[in-house]
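Below is one structure, written out as structure tokens; the observations come after it.
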Amino acid sequence: MANMDRRGEEGQIGLVALVVTLLLVGVLSAILLGTDLAGSGTGLGDSVGVGSANDIEAKTTLSDAVTAVQGAAAAGGYAVVSVATITASDPTLHFTTGATTSPFLISIATSASSSTPAAPTPGAPSPGSPITTAPSPTTLPGGVTLPGGKGIPGFASGSADAREVDDVSGGSVSMAVYADSGTCWYAWLAPGEAWYGAETDQKSCAAPQLALPPSPGAVGPTAIGWQQNTFPVA
């Protein structure tokens, strides 16, 4: 009986020693792993999988905001879109007119019209000249409309110049969100236009105030890379 008791005690001591050894190995491994990550400048947020998840999170927020802005613009045009009209459509969205460092806080900027008017069509009256009307079938010069029609002083009716002025005068909305990966994601909306952009290696994001559509380009750390209708690859 005494031998059995002694064997039982030895077994318990051996089990305790094994558990303590395993705990020590685990602690030491964690310390060594943490030191290695810190020394190499690698963190959890820097991994490819986590970075992609952060970008998806930010783009989802921006996509929801785009839907809300388009809904608000459907009622009165982009020139009258405001934070109040957007949040009335989607109260879960949060906006700032300054910079953002969050995938859930959206930086927003609006533009009612272009500060630089388009060049007039050659031979047309100068901008600011009065609009006149005349009965059909009179042949009218550029910038003149028939009764009931809408004319733009200084631009030929129906010309590309006139359409550009119409589009710009409709207003625009630009937005930006920040992903924890360091990428800024952007959207620019105007009548019949939707552009998406990205800029890498940033500390914060601010929506650019653009009256005219952006130009397409490559994504990088020094400039926004824009793409029409879909998000660019960052």
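Can you give the Rg and Dmax of region 174-217 based on its C-alpha atoms, in angstrom?
That works out to 10.7, 32 Å for Rg and Dmax.
Sorted by average packing, counted as other Cβ atoms within 10 angstrom per residue and highest first, what order do 221-232, 53-64, 93-104 take?
Ranking, from highest mean packing down: 53-64, 93-104, 221-232.
Let me cross-check Tyr78: its accessible surface, 1.4 Å probe, with only protein heavy atoms counted, in Å² to the nearest 10?
Result for Tyr78: roughly 30 Å² accessible.
Could you give me the ³J(HN,Hα) list for region 218-234, computed from phi with Karplus coefficients 6.51, -1.76, 1.60 and θ = phi - 60°, whole Hz, x at Gly and Pro?
Values per residue, Gly and Pro as x: 7, 6, x, x, 10, 7, 6, x, 9, 8, 7, 6, 9, 5, x, 7, 10 Hz.
His94's amide H: which non-local residues (gap 5+, or another chain) put their own amide H closer than 5 Å, with H modeled 1.01 Å from N in plane and none for Pro or chain starts?
Amide H to amide H, under 5 Å and 5 or more residues apart or across chains, His94 pairs with Ile106.
Which length gain, in nm to one decimal place, applies between Val80 and Gln209 when the Cα-Cα distance is subtracted from 0.36 nm times their residue separation?
44.9 nm
The values are calculated or read from the model by the stated rules, or taken from the named source; none is laboratory data. Fair warning: this is a prediction, and the values are worked out from it, not measured in the lab. When we count neighbours, we look across all protein chains shown, and the Cβ atoms used for this are built from the backbone with ideal geometry, even at glycine. The accessibility values were calculated without ligands, DNA or RNA, using every heavy atom of the protein model including side chains. Shrake-Rupley method; radii C 1.70, N 1.55, O 1.52, S 1.80 Å.
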